[in-house]
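Novice: Sharing a structure here in structure tokens format.
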Amino acid sequence: IIATSYSQYPAISRDISVLIDESIKFSAIKEAINSLKIAELKSFAPTDLYSDASLRENKSLTIALEFQSSEKTLTDDEINAFMDKILGILKSDLGLELR
């Protein structure tokens, strides 16, 4: 039996949708987000990929993110700051735009 400890503080889920060129792989997005080393970011994964003629050559990618602290309940301001950092690196490193 493997014992794991759970945080007594709630996890907070947020989604971010970005316009992505077909040539960009999720591994590049993963690497960019991981480079931020946000300790409270416990997981993130693509949840939806949408394409239609109005997006032209781009697609809309939705990424689900889960934040949690082992020391306290995170505030909206803290989560918003993390989201700003994530969006900032996706824009600067990969040229992605918020949808």
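Values in this text are rule-based calculations from the coordinates and carry no lab data. If you're wondering where the values come from, they're calculated on a predicted model, not measured in any experiment. Neighbour counts run over all protein chains shown; Cβ positions are idealised from the backbone, glycine included.
Novice: Can you list the chymotrypsin sites (Phe, Trp or Tyr not before Pro) in the stretch 1-54 that are in a DSSP coil and have 15 or fewer other beta carbons within 10 angstrom? Please list the in-between numbers first.
Specialist: Numbers: sites: TYR6, PHE26, PHE44, TYR50; in loops: TYR6.
Those that pass, being in a loop and sparsely packed, are TYR6.
Novice: Evaluate the distance, in nm, between pseudo-label points positioned 7 Å from the Cα of TYR6 and of SER70 along their respective Cα→Cβ axes.
Specialist: 1.6
Novice: List the trypsin sites (Lys or Arg not before Pro) in the stretch 26-78 that DSSP assigns to loop (not H, G, I, E or B) and whose Cβ has at most 15 other Cβ atoms within 10 Å. Which are they?
Specialist: LYS37, ARG56, LYS72
Novice: So for the chain, averaging the separation of alpha carbon pairs under 8 Å that are six or more residues apart and normalising by length, what relative contact order in percent results?
Specialist: Values: 136 pairs, mean separation 40.7, N = 99.
Relative contact order comes out at 41 percent.
Novice: So if R0 is 25 Å, what FRET efficiency would SER13 and SER54 give, r being the distance between their Cβ atoms, rounded to the nearest 0.05? Provide the component values of the computation, followed by the final result.
Specialist: On the way: r = 28 Å, r/R0 = 1.10.
About 0.35, to the nearest 0.05.
Novice: First select every other residue whose beta carbon is under 11 angstrom from the beta carbon of ILE20; then total the charges, Lys and Arg +1, Asp and Glu -1.
Specialist: On the way: positive: LYS25, LYS59, ARG99; negative: ASP21, GLU22, GLU57, GLU97.
That works out to -1.
Novice: Further, regarding this structure: When only DSSP loop residues count, what GluC sites (Glu not before Pro) in the stretch 11-50 have their Cβ near at most 11 other Cβ atoms within 10 Å?
Specialist: Those satisfying the criteria are GLU22.
Novice: Does anyone have the angle between helix 26-35 and the longest principal axis of the chain? Alpha-carbon axes, 0 to 90°, nearest 10?
Specialist: Tilt of helix 26-35: around 40 degrees.
Novice: While we're on this one: Sum up the charges of everything whose Cβ sits under 15 Å from the Cβ of LEU74, counting Lys and Arg as +1 and Asp and Glu as -1, but leave LEU74 out. Can you show the working numbers first?
Specialist: Working: positive: ARG14, LYS42, LYS72, LYS85; negative: GLU40, GLU66, GLU71, ASP76, ASP77, GLU78, ASP84.
Summing Lys/Arg as +1 and Asp/Glu as -1 gives -3.
Novice: Round to the nearest 10 and give me the degree value, 0 to 90, for the angle of helix 76-94's Cα axis relative to the longest principal axis of the chain.
Specialist: Helix 76-94 sits roughly 40 degrees off the main axis of the chain.
Novice: What is the distance in Å between the Cα centres of the stretch 1-66 and the stretch 76-97?
Specialist: 11
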